[in-house]
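One structure is given below, encoded as structure tokens.
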């Protein structure tokens, strides 16, 4: 859906006033907020993709916990991590 904003210059109006009125109309129509809202739209992931990602995350977590138990890596606690 397209909404056009039209502003015509009055007799005793300068261009700065015209621009000010135009900007006010654009803000009032909500065009910019709608465009900015859909700018980074990502479609929803399918159930299969979500499930695959979740299973991968679970397996990575399990591998990491196993390596920590075996002492191969040091457990990182707190906010600041050692490198």
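The values are calculated or read from the model by the stated rules, or taken from the named source; none is laboratory data. Keep in mind that what you see is a predicted model, and the values were worked out from it rather than measured.
Structure summary
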quantity: Single match in 61, 57, 34 (criterion: outside any loop (DSSP other than H, G, I, E, B) and assigned by TED's automatic domain parsing to the domain that holds residue 4); calculated: 34
quantity: In the stretch 1-22, the residues that are part of a loop (DSSP other than H, G, I, E, B) and under 30 Å from the mean Cα position of the chain (by Cα); calculated: 1, 2, 3, 4, 5
